[in-house]
Amino acid sequence: MYKRLLNIHQVRNGLIHTRLPSTKCKEKERFAPVIWAMGRARPLGTSSIFFSENKESSTSLSEDNAKRPEENEANAEVNNDGQKNTKINEGNNISNAMLTSQLETEPVVKPEDSKKLDKTKTGKESLLELLGAMKVDVTTIRKVRPPKIPRISERPDPKPMESVQSMFQHATAEVSQQRETLNPTLVAAASAAASTLPNSRQAESELLQQLRKHEAIPDTQRRADGQNIGDIIADMKVGKKQNARSNARPGSQIRFDDDGQGYTRDRGITGELDAVRTRKSPFTSKRLNIFNAGAEQDSLSVLGPTLWDINLANQIVQATNQTPRNGFEEMIQWTKEGKLWQYPINNEAGLEDEASVPFHEHVFLDKHLDGSFPRQGPVRHFMELVITGLAKNHHLTVQQKQEHIAWFRDYFQQKDNVLKEAEA
Amino acid sequence: MAAAWKFLGTGMGFLQSSLPVSRQAYRSSLGVVEQVRSYYVNWRMLRDVKRRQMAFEYADTRLRINAIRKNTILPKELQEIADKEIAALPRDSCPVRIRNRCVMTSRPRGVKRRWRLSRIVFRHLADHSQMSGIQRSMW
């Protein structure tokens, strides 16, 4: 799988690393030619765009070959956006199935025909045709939630399945061995997927219908690389979701009653609440992994402004008129100058370095006395009192204390002769 | 350092936005100390400001010499010498000469220490509700 992936140079997006746990190796092989097209077609930022793209592919498929649907389907499956996109694909299938039944179109292309056209075109060309022939209907599909129903499976699942789609794939892979009525796992998957759509019952029924048709096709004609679902997509047409906002008028347009008096639309909070709910923030969607985390920084930001930059900044400041426009800017200026305290009040405003000084340097100052002061006598006695006072002083830095002691040292060395005369 | 800091905050913003330099308010380049002329209320206020600055400069020296003078352990000869030394310091360096004047009017008397204002200015501002947390009391 990975070998084939790397061969395709058009894979630019970093979001392609297939890690669907339930897909088998042979299924993955066909993903490769499709991945490029997926990545190249559009950035997979929003689910709606992806959904529309999927629809593009699906509608064009209905006119063209069925090879594209297979690729598109594989493409959709492989997408690393994972659960959401696969679910959307599933939802696409379901909605398309539903709409297809609504429009009363029969599935035209059979999987037998699609097989013969295999490998005639590269994935790129096929998907280009796909996209070209598409009719785009962008709908706002809300984010697909994970399945709420408990999974009903006869066999124990070896790996945890993230999505309904993967469940579905797992079921399809294994169901080839069982040729009876619909697999209960399939049914479960279908109902889970259908539950995410607005018309869940209808969608579920349509999906199950499609599944039955799908199962009815003999196994020999069905390719293991998943043309199956692609065909389903191929027949589906894109439909428009019932627009809940069709009544929206521009702004607050004045409407008129019979008596001629106008009234503006009553703006409640419900509209805003809806907007708040459905708004997608950039942080809710899945990571695209386009850029490496921890991108390199500018050298300037790392090193800081150079001396030249500071000089230039000073020149600019002095040249332009820097008077503050209002009281806030005046206070800012004073704070920078130091005239105004910094709020919230910090008692140790100018003493940030002192926090790292250990306490023994503050308290045990005897070592400064040992050097140049006499060991006995009134001077020593006096200095010990000085040391005691400094040790108890909370408001001085170590530097200041040492300066005090140094000053006394110099003073007593100058007055040495006076001291000797006094002693004598 | 503080002066450089004062320029840096506003200057770097301009540096990055690359505003054109206006010629009207052109001042001398960096390195020449400007004479900043501001206005105090009167000369007495200015002298008081000078005394405060000088007292700040000599505070440590005065403290140390006074520590020698005001103890009973050191010999008296030393203390006399210390007396003379402290008397030789400039007269404005002693903190006793500082007068807490009103900041607005330079009034030497009737100044409340907390606000540094004389009673008249305080009343004026408080009545115009420009003193935060001050209201007319009645009880």
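Being exposed (fewer than 14 other Cβ atoms within 10 Å of the Cβ), assigned to a helix (DSSP H, G or I) and within 10 Å of another protein chain (Cβ to nearest Cβ) is the filter here, so list the residues in region B:70-90 that pass it. Matches in region B:70-90: B:Lys76, B:Glu77, B:Glu80. Of the listed requirements (1) within 30 Å of B:Lys76 (Cα to Cα); (2) within 8 Å of another protein chain (Cβ to nearest Cβ), A:Asp309 misses just one: (1). Number of residues in region A:351-395 that are within 13 Å of chain B (Cβ to nearest Cβ), out of contact with any helix residue (DSSP H, G or I) (no Cβ under 7 Å at 6 or more places or on another chain) and among the hydrophobic types (A, V, I, L, M, F, W, C): the value is 2.
Cβ-Cβ distances below 7 Å connect the following pairs, each with a first residue in region A:395-423 that is within 17 Å of A:Arg380 (Cα to Cα), a second residue that is in a helix (DSSP H, G or I) and basic (Lys, Arg), and a separation of six or more residues or different chains: A:His404/B:Arg64; A:Trp407/B:Arg64; A:Phe408/B:Arg64. Quick check, is B:Ala55 more than 12 Å from every other protein chain (Cβ to nearest Cβ), outside any loop (DSSP other than H, G, I, E, B) and either open to solvent by less than 40 Å² (accessible area, probe 1.4 Å) or among the hydroxyl-bearing types (Ser, Thr, Tyr) (or both)? Yes. Exactly one residue out of B:Ser132, B:Ser118, B:Ser106 is of a type in the set (Ser, Thr, Tyr) and surrounded by fewer than 16 Cβ atoms within 10 Å (Cβ to Cβ), and it is B:Ser132.
Pairs please, first residue from region A:182-193 and over 12 Å from A:Leu207 (Cβ atoms), second anywhere and aromatic (Phe, Trp, Tyr), Cβ atoms under 9 Å, 6+ apart in sequence or on different chains. Going by the 9 Å Cβ cut-off, the qualifying pairs are A:Thr185/A:Phe168. Region A:289-386 holds helices (runs of 4 or more DSSP H) entirely within its bounds, and those carrying 2 or more residues that are over 41 Å from the mean Cα position of the chain (by Cα) map to A:307-319, A:327-337, A:359-363, A:366-372. In region A:297-344, which residues are at pLDDT 85 or above, under 30 Å from B:Gln130 (Cβ atoms) and open to solvent by less than 80 Å² (accessible area, probe 1.4 Å)? Correct list: A:Pro324, A:Asn326, A:Gly327, A:Glu329, A:Glu330, A:Gln333, A:Thr335, A:Lys336, A:Glu337, A:Gly338, A:Leu340. For region A:396-413, which positions are more than 10 Å from chain B (Cβ to nearest Cβ) and either open to solvent by 30 Å² or more (accessible area, probe 1.4 Å) or part of a loop (DSSP other than H, G, I, E, B) (or both)? Answer for region A:396-413, where residues must be more than 10 Å from chain B (Cβ to nearest Cβ) and either open to solvent by 30 Å² or more (accessible area, probe 1.4 Å) or part of a loop (DSSP other than H, G, I, E, B) (or both): A:Leu396, A:Thr397, A:Gln399, A:Gln402, A:Ala406, A:Arg409, A:Asp410, A:Gln413. Residue pairs whose Cβ atoms lie under 9 Å apart, sitting 6 or more positions apart in sequence or on different chains, and linking a residue in region A:337-366 that is among the hydroxyl-bearing types (Ser, Thr, Tyr) to a partner that is outside any loop (DSSP other than H, G, I, E, B), are A:Tyr343/A:Thr335.
The values are calculated or read from the model by the stated rules, or taken from the named source; none is laboratory data. Owing to the predicted nature of the structure, the values given are computational and were not obtained by experimental measurement. No Cβ is skipped: glycine too gets one built from the backbone with ideal geometry, and neighbour counts run over all protein chains shown. For the accessible areas, the whole protein counts, side chains as well, though only heavy atoms, and no ligand, DNA or RNA atoms are used. Shrake-Rupley method; radii C 1.70, N 1.55, O 1.52, S 1.80 Å.
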